[in-house]
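Following: one structure in structure tokens, then a few remarks.
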Amino acid sequence: MIIETKKKGNVTILIVKKNSKFDIDTKANTKITRSLITDIINYNADVYTDTGKLLLRFRKKVLNNNNIDEFYKNTIDFAKNTTNNRGSAIGSSKKNIKDNPKVQTNIIGYFDTFSPKQKFMLKNHPGILTVRETRFNNKYPNKFKNAYPLIKEIDELYSKIVPDKYKEQRKKANQTFFKIKDTSFSTVTLNVNFQTTIHTDKGDDPDGFGNLVVIEHGEYSGGETCFPEYGIGVDVRTGDILFMDVHEPHGNLPIVKKTEDAQRLSVVCYLRLNIWKKTKGKTRKFMNQHLQKLNMLLEQYQKK
């Protein structure tokens with residue numbers, strides 16, 4: 001809940017404290033309801049906890065419209081592919097992922113594990129480095145090139161809006177070639193109309209900060225990104241950007257379509273910690289040789 005409000009230029013500074021009645025142990029991996037949220041932020045804001053920790057920074061209408069449109073056109077078809085391999089973010093504790101509900105969530109850039117199919121293909125090559133290009137980058141390099149300007153713009157805003165966290169993350173990113181060129185990111189997650197449950201992000205750089213961009217098509221209500229322990233949510237819309245501590249429990253409210261074509265594409269850029277750990281200090285030549293060998297092995301298996 002908000003316990004203090006003040007202004008600094010065009011930014012509202014908010015101090016929040018946890019709701020003592022909120023029990024994260026029982027609420028983790030469950031969907032957020034509106035009753036848990038007392039305040040929705042839809043204005044420029046910096047939010048701190050009552051212990052002095054930065055929780056989030058939110059800025060309205062700061063992204064370039066052309067970059068947004070190009071990103072959407074080049075990624076939306078891929079982003080709408082379905083998967084059931086998102087575990088706690090979809091509220092599932094089922095050991096067999098085939099039993100999980102399917103959601104529209106996908107990754108572009110680089111990743112630090114193989115898919116189940118790739119693991120099967122590479123079972124006779126156990127020593128190969130488990131870092132790879134995503135299918136999007138491998139199959140659609142021109143689409144990724146067209147989508148890149150928005151990723152680069154997010155990175156530049158990150159450096160300006162949360163510079164201390166950016167500096168720590170960029171330092172790691174500069175130590176690996178397995179990253180998105182000239183950014184602090186290795187990976188981008190795309191979600192379409194996906195209501196995540198209450199969770200904390202895993203696998204990203206713990207010294208960095210998370211970010212969220214939303215691209216809307218059609219009309220909908222809801223979808224606000226919330227920190228239920230603090231009773232606050234942020235209404236991120238096209239052109240806005242949210243930087244946040246993704247290691248605090250968070251999730252989003254239900255998305256209610258107002259038009260049949262309503263789509264909420266969320267874009268999250270981050271550095272995978274294990275990519276940095278596995279590849280820091282490796283040369284560009286090593287990266288090119290590794291990816292070439294990996295692609296060759298996968299192609300050979302598919303031809304059998």
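Report the FRET efficiency, 1/(1 + (r/R0)^6), for ASN146 and GLN300, where r is their Cβ-Cβ distance and R0 is 25 Å, rounded to 0.05.
0.25
Can you list residues whose amide H is under 5 Å from ASP204's amide H, if they're 5+ apart or on another chain and H is modeled 1.01 Å from N?
Correct list: LEU273.
To the nearest 10 degrees, how steeply does helix 141-161 sit against the main Cα axis of the chain, on a 0 to 90 scale?
The helix 141-161 is inclined about 40 degrees to the chain.
Of LYS73/LYS277; LYS117/LYS280; LYS171/LYS285; LYS60/LYS258; LYS123/LYS179; LYS6/LYS257, which ones are farther than 29 Å apart at the Cα?
Listed pairs above 29 Å: LYS73/LYS277; LYS6/LYS257.
I need the fraction of alpha carbon pairs in region 232-295 separated by more than 19 Å, rounded to a whole percent.
Everything past 19 Å amounts to 58 percent.
Mind ranking 259-268, 120-129 by how tightly packed they are, going by the mean number of other C-beta atoms within 10 angstrom, highest first?
In descending order of packing, they fall as 259-268, 120-129.
Which of the peptides 219-229, 49-59 is most tightly packed, and how do the rest follow, judged by the mean count of other Cβ atoms within 10 Å per residue?
By packing density, highest mean first, the sequence is 219-229, 49-59.
Students often get this wrong, so try it: which of [x] 206; [y] 145; [z] 120 is volume of the Cα convex hull per residue in Å³ as calculated from the structure shown?
This structure yields the entry labelled [y].
Please give me the summed charge of the neighbours of ILE40: other residues whose Cβ is under 14 Å from its Cβ, Lys and Arg +1, Asp and Glu -1.
-1
Does anyone have the angle between helix 163-173 and the longest principal axis of the chain? Alpha-carbon axes, 0 to 90°, nearest 10?
10
Roughly how many whole Å is it from the C-alpha centroid of region 152-201 to that of region 218-241?
19
What does the C-alpha gyration tensor say about the overall shape of region 122-267? Classify as rounded when a/c is under 1.5, otherwise prolate if a/b is larger than b/c, or oblate.
It is prolate, given that a/c is not under 1.5 and a/b is the larger ratio.
Count the net charge of all other residues whose Cβ sits under 11 Å from the Cβ of THR51, scoring Lys and Arg as +1 and Asp and Glu as -1.
+2
Provide the net charge surrounding LYS18, with neighbours chosen by a C-beta distance below 13 Å and charges set as Lys +1, Arg +1, Asp -1, Glu -1.
So the environment of LYS18 carries a net charge of 0.
Bear in mind these aren't lab numbers, they're just calculated from the coordinates by the rules spelled out. Nothing here was measured: the structure is a model prediction, and the numbers come from that model. Cβ atoms come from the backbone with ideal geometry, glycine included; neighbour counts cover every protein chain shown.
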